[in-house]
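The values are calculated or read from the model by the stated rules, or taken from the named source; none is laboratory data. The model shown is predicted, which means the values in this text are computed figures rather than measured ones. Neighbour counts are summed over all protein chains in view; Cβ atoms, including those assigned to glycine, are modelled from backbone coordinates with ideal geometry.
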């Protein structure tokens, strides 16, 4: 006799219990990152790693990446791959500069959103209505964005700035600082105590020189989460990205939601362009200003597993790498390599505990190579330093892309019927 | 049928379709269709694939407008422009291919598009739990759909329809993805809901099931209704002949052609899950001889797919050997295995068998890119491929306007005939057929059965995996039952019944002498 089996063939799996809720994972990651940086800065004697100045720059540079990433999130959650973020961002920079030098920063924001959204609209028309391959359309928009702004700059900016590659200066936002609090943090920071000074430095960077755009952008993260995950509209938008046929069969207007998502996506990317133009270090449109940040934003979104919280983490990481190289130069970036070695050490221990021998071995090899690099160089050559964010993007995506879950119908052209 | 008392004849019928005609460029999908569904009954709509059932249901569900004809619901004439119009009129549809987003929760899938009813929060959750009972669904609404089995997904589909307040529920081939036991559960659900006053339109070409569940039957053939029947008096054979309009094929093979020549010899085959935690295939020993059809029965997800893919080299075996005519294949890649003489009809022709957007002759080359007639040396021989595609189209009766149309333009049955024709060319010694007639019409089914039988008579060894137990019993010389990655029992196709096989498949044990447990299991389980 066959003995009776202990279960039926299709017993539904028990609900997957997450060990930690998302916000807790976020807090733990932040604490871990701060601890890592503080140990690194202590060991290598580079207080710049966690100084308020670095943090402040990092936040400013994070904004465009974060906004581009949010743009990517909106589009891809509705199932449209938006590789045209870069082009929409470029259009945003031009729009921001054009309105900004005439009517001030708020007008710059609005104009950037409109210009970016126009790019998004074009992408939506191509991909949703005409079923063009999303990548093809995105690449076309990147080329178009660069070409169009070049033309418009020559036409509009050249007579004013006598430089076809640059706009007249744009009026910046007023910035705000939490004065008393920041001073107190400043004292703590200069105390040079392990961890406390580092935390103080980072916090001080976060509360000093905050522009309305920074606040707006940070607010957009929870707002996007709320809209996409907690409202009826968001549910419909996500369902379109997961299974448009199912959504359509339930009376969800698939094309409409895709259009909205891609236009919002473009608007956000455009806003990211404005964040570049209104960055206190530049304050004008410059040709080639975006420097691939649209793509990095997309990478931040992928790193964040198509979720707003993770995306914020990715953007912070890339912004930090960018800020560090701009502010401090090659020797500090080299100190960061030391930090990576420490991080890899932690990963090795973790993998060994989990008995993943191959991963552990790979991590050891990389760690040793990086450590050799660290002790054999005085500083990273300037040519490489400016590519630090790109390197970080590459490394992070190579490691992190293993267990990601993209929307099921992402990049799939949907035809009704 | 016990509940047929709930059919009320004095009320206006739930749904009346009159003179529905729908034309697509080049074809008439429906012409002058008449259908009357009384309130509270289970009404079956039978027809071959391609007969126009799906189009008709799309029209009733508002997905396509009819060119001519009228729809009446509860005695009132209606016009549906979108599915939401149909939903408002109380008509709901459970699609054959589940319309669920795997990465959303049960609750999200249910409320999607009907958020106006109870929002998307706690109120909706309460309502869903309330309705779950009626469908026999017993999971938390917060679970992701991807974690559910097939039967539960179907319940979620029914739940979606109930949540919207549907009174008339269209079930489009609901049993295609279920094993017999699950079918019974579904039928219990249907009867229970019928007793609560729901009306069902049950679309199927599985006639035994139609007779088991339906109160009345309408048969559709070549786009038009050819008649109605009383399921209590009509036989499956009569119904089928109404559907096809002629005599019927059967999978039955007559005399045995089994020889002593071992073609495929699998020994001790093991395969682990990607994370290495548990075996998907556990110590499989399997022999297929020349002229023999070995059938594998099993509930889907018990390792049949993996077994086939491991034999084909699409998955790497953990241990064990695979030998074809004395040649060890274990270390070879898929192409080399195919070249060694394995033909392969994949279970999902869209994922593995065809490039849907490419022309037929292009699909002919797939898997034969190194062999005649599709290749000459290092160059592809497009002329040869086209010529041979023409041959397959004629010999296997692939109904197509030409060999340059994309594969997607063909119906499922014709696509499958193309695949079968391709895999039987080039003189294979072993054919692995995974669900060879799944989702194809009766005509294509008969042809595929005939071709497999003919090849078997010519000495081909066949490994057959099928969820259609009649097919399995009819075609096979030996049946093996697969459960949780192991071959747990042998059955004799000349005496075994689908019910016996069904209970052996779920591991419930069998009382039939036709099913004999293999010794391994007893040792393993005791």
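In the set A:221, A:199, A:210, only one residue is in contact (Cβ under 8 Å) with a residue 24 or more places away in the chain and over 21 Å from the mean Cα position of the chain (by Cα); that residue is A:199. Filtered by the rule that a residue be under 20 Å from the mean Cα position of the chain (by Cα) and free of Cβ contacts under 8 Å to residues at least 40 places away in the same chain, region B:213-240 gives a lone residue, B:236. Tell me whether region B:150-157 contains one or more residues that are at pLDDT below 85, within 13 Å of chain A (Cβ to nearest Cβ) and closer than 19 Å to residue A:230 by Cα. Within region B:150-157, not a single residue is at pLDDT below 85, within 13 Å of chain A (Cβ to nearest Cβ) and closer than 19 Å to residue A:230 by Cα. The residues of region B:185-214 that are farther than 16 Å from residue B:158 by Cα and surrounded by 20 or more Cβ atoms within 10 Å (Cβ to Cβ), listed by number, are B:204, B:205, B:207, B:209, B:210, B:211, B:213, B:214. When residue A:205 is tested against the conditions (1) within 14 Å of chain B (Cβ to nearest Cβ); (2) surrounded by 22 or more Cβ atoms within 10 Å (Cβ to Cβ); (3) under 23 Å from the mean Cα position of the chain (by Cα), the lone failure is (1).
Residue-level check: of (1) modelled with pLDDT of 75 or more; (2) part of a helix (DSSP H, G or I); (3) surrounded by fewer than 12 Cβ atoms within 10 Å (Cβ to Cβ), residue A:355 misses just (2). Of the listed requirements (1) crowded, with 21+ Cβ neighbours inside 10 Å; (2) farther than 19 Å from residue B:427 by Cα, residue B:311 misses just one: (2).
Within region B:119-139, the residues that satisfy the criterion of being over 28 Å from the mean Cα position of the chain (by Cα) and within 11 Å of another protein chain (Cβ to nearest Cβ) are B:119, B:120, B:121, B:124. Collect the residues in region A:247-284 that are in a loop (DSSP other than H, G, I, E, B), touching a residue at least 12 places away in the same chain (Cβ under 8 Å) and farther than 13 Å from residue A:78 by Cβ, keeping them in residue-number order. If the condition is that a residue be in a loop (DSSP other than H, G, I, E, B), touching a residue at least 12 places away in the same chain (Cβ under 8 Å) and farther than 13 Å from residue A:78 by Cβ, then A:278, A:279, A:280, A:281, A:283, A:284 are the ones that fit.
Checked against (1) within 14 Å of another protein chain (Cβ to nearest Cβ); (2) under 18 Å from the mean Cα position of the chain (by Cα); (3) crowded, with 22+ Cβ neighbours inside 10 Å; (4) closer than 23 Å to residue A:246 by Cβ, residue B:174 passes all but condition (1). Can you say whether residue A:378 is within 14 Å of chain B (Cβ to nearest Cβ) and at pLDDT 75 or above, as far as the supplied structure shows? The answer is no for residue A:378.
The single condition from (1) surrounded by fewer than 21 Cβ atoms within 10 Å (Cβ to Cβ); (2) within 14 Å of another protein chain (Cβ to nearest Cβ) that residue B:78 fails is (2).
When residue A:119 is tested against (1) under 26 Å from residue A:288 (Cβ atoms); (2) out of contact with any helix residue (DSSP H, G or I) (no Cβ under 8 Å at 6 or more places or on another chain), exactly one condition is not met: (2).
Could you list, in sequence order, all residues of region B:231-250 that are at pLDDT 75 or above and within 10 Å of residue B:211 (Cβ to Cβ)? Once the filter is applied, which keeps residues that are at pLDDT 75 or above and within 10 Å of residue B:211 (Cβ to Cβ), region B:231-250 yields B:231, B:232, B:233, B:234, B:235, B:239.
If you check A:193, A:236 for being modelled with pLDDT of 85 or more and either more than 14 Å from chain B (Cβ to nearest Cβ) or under 26 Å from the mean Cα position of the chain (by Cα) (or both), only one passes: A:236. For region B:65-75, the set of residues classified as in a strand (DSSP E or B) and surrounded by 15 or more Cβ atoms within 10 Å (Cβ to Cβ) consists of B:69, B:71, B:72, B:73, listed by residue number. Looking at this structure, is residue A:334 without any contact (Cβ under 8 Å) to a residue 40 or more places away in the chain and over 21 Å from the mean Cα position of the chain (by Cα)? No, not satisfied.
Here residue A:370 fits the description: surrounded by 14 or more Cβ atoms within 10 Å (Cβ to Cβ), free of Cβ contacts under 8 Å to residues at least 60 places away in the same chain and in a helix (DSSP H, G or I). All of B:301, B:295 fail the test of being within 27 Å of residue B:503 (Cα to Cα), surrounded by fewer than 16 Cβ atoms within 10 Å (Cβ to Cβ) and within 23 Å of the chain's Cα centre (by Cα), apart from B:301.
Scanning region B:89-98 for residues that are at the interface with chain A (Cβ under 10 Å from one of its Cβ atoms), in contact with a strand residue (DSSP E or B) (Cβ under 9 Å, 6 or more places away or on another chain) and surrounded by fewer than 22 Cβ atoms within 10 Å (Cβ to Cβ) yields a total of 2.
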